[in-house]
Amino acid sequence: MTYTSPALAIAVALLVAPLAVVLQSKAMAPIGLVALALCVVAHLRATRALPWPGGASAWLAVALGLWGTASAAWAAEPGRALTTGISIAAMALLAGGAARALGGLDDATRRALGHCLAIGLCAGLAAAALDALSGNAIRAAVRGLAEAPATLAFGLKPAASVMALLLPLAFALPWPVLPRALLLLGGAAVLVALPGDTAKLAALLGIAVGAAAIAAPRIVPCLVGAGLAAAILAMPLLAAAIPALPVDRLPITALHRMVIWDFTAARIAERPVLGWGLEASRTVPGGRDAPTAAQLDRLRVTDTERRHWFAMPNIQVLPLHPHNGALQIWLELGAIGALIAAALAWTLGTAAARCPCPAAAAGALASATITAMLSFGAWQAWWIAAMLLAAAVCAGLGRSHGGGLCP
């Protein structure tokens, strides 16, 4: 890999990102976006032509950002909607261009890119494991803290989600079967041991889907994309059915999630077509309130201790975002935004089926789906950067040889 190769910046990002996000999760945004931008610049310098995105996925992601930009006309915070929408569209263009630039790499460069991915993952997983075993001493030291507060452990959740997203890409490594399997299973074991249930599910499902895609490399990625598209479109109906389910028996944190989704579904019904505007989850009327007695009654929460928990001052019915990407899209961008997002999900599945290694792409898409549906805000820059970097890398990693883990 030469210093002028478009893959160089992406390789460096794969080397440093897993370790960097363990130390500070927000570092993913500059690492990923700078790498994508340098990849595009390197291609431009080498060919004297911009690598415009060639697939529908990138343009649909741009369209989603532009629709969010347009929603500034009715958003409660038009400035925030405008800047976030433009940022999403620009980042999607960068990632699509980088994927186009990485599509023409030679075999030696693809192998080098795979080695950088493996080294980076091993470094990040090892650092996360050591930090967890040491009571978060590593992350405390980075922050200049003599002792690690109890809340510091939660900071490993974003790092675990990023590594769960990147781990299925190991299906495409140019290694024999055994070392690839050891990295996949060992990485999953570390992630299962770390804090954060979402990352555990994302890692396990990503590997399971990747393994299934080995047997059916065209069907499985398309099914993942179609399933995500269907979930996006149906999510408000599923959330509206929450009061009919026995959610009162769930653990308190899961029950709180049900309360959030129930409230979000009610707000979606008020503005179903256009939504409340991009980034409006922060300002939707009533979102900062505690659950009402009527809402808890409707969800059949009768236990006195649980009702007291929901009455605490810091418990809100919509804390910053719905913790569900599909519901957030519906809430903020309405049915129009949901249709664009569903089309994006569908095309991501078909694109994964056409990748050099469908198992890697389908596994990463499945992992991203779990995290997007259960955890962070949809527009957090560090998470968008991680997903876009993974998508671009899928175009640069080559078909595996000598082991059969990737068809």
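Averaging the Cα positions of each part gives two centres, and for the stretch 143-210 and the stretch 2-44 these lie 19 Å apart.
Taking a ≥ b ≥ c as the square roots of the Cα gyration tensor eigenvalues, with a/c under 1.5 meaning rounded and otherwise prolate when a/b beats b/c, else oblate, which class fits the chain? Prolate. Of all accessible surface on the stretch 173-280 at a 1.4 Å probe, what whole percent is carbon and sulfur? In the stretch 173-280, the share of accessible area belonging to carbon and sulfur is 77 percent.
Once ligands and nucleic acids are excluded and a 1.4 Å probe is used, how much of Glu305 is accessible, expressed in Å² to the nearest 10? The accessible area comes out at roughly 140 Å². Across the protein chains, with a 1.4 Å probe defining accessible surface, the residues Arg271, Arg180 rank Arg271, Arg180 from largest area downward. Estimated at 0.36 nm per residue, the fully extended path between Val177 and Arg298 surpasses their Cα-Cα distance by 38.3 nm. Label-to-label distance, Ala208 versus Arg307, with points set 7 angstrom from Cα along the beta-carbon direction: 3.8 nm. With Cα atoms as the point set, the radius of gyration and Dmax of the stretch 4-132 evaluate to 17.0, 51 Å.
Principal-axis analysis of the Cα atoms of the chain puts helix 177-193 at an angle of about 30° to the longest axis. Report note on the peptides 110-123, 42-55: ranked by the mean count of other C-beta atoms within 10 Å, highest first, their order is 110-123, 42-55. In the context of the full protein assembly, Trp261 retains an accessible surface of approximately 30 Å², using a probe radius of 1.4 Å and ignoring ligands and nucleic acids. Largest first, the residues Asp248, Asp262, Asp197 sort by 1.4 Å accessible area into Asp197, Asp248, Asp262.
Taking all protein chains as shown and a probe of 1.4 angstrom, Ile232 keeps an accessible surface of around 10 Å². 3J(HN,Hα) couplings calculated from phi for the stretch 313-320 with the Karplus curve 6.51 cos²θ - 1.76 cosθ + 1.60 (θ = phi - 60°) are, in sequence order, x, 8, 8, 10, 7, 8, x, 6 Hz; Gly and Pro show x. For the stretch 76-169, the normalised intensity computed at q = 0.11, 0.19 Å⁻¹ comes to -0.58, -0.97 (log10 of I(q)/I(0), Debye sum over alpha carbons, equal scatterers, no solvent). The stretch between Arg282 and Asp197 holds 28.2 nm of extra length on full extension. This uses 0.36 nm per residue minus the Cα-Cα distance. Here r is the Cβ-Cβ distance between Thr253 and Ala141 and R0 is 35 Å; the resulting FRET efficiency, rounded to 0.05, is 0.75.
The values are calculated or read from the model by the stated rules, or taken from the named source; none is laboratory data. On a predicted model such as this, the values are computed, not experimentally measured, just so you know. Virtual Cβ from ideal backbone geometry, glycine too; neighbours counted across all protein chains shown. Remember, those area values only see protein heavy atoms, side chains included, never the ligands or the DNA or RNA. Shrake-Rupley method; radii C 1.70, N 1.55, O 1.52, S 1.80 Å.
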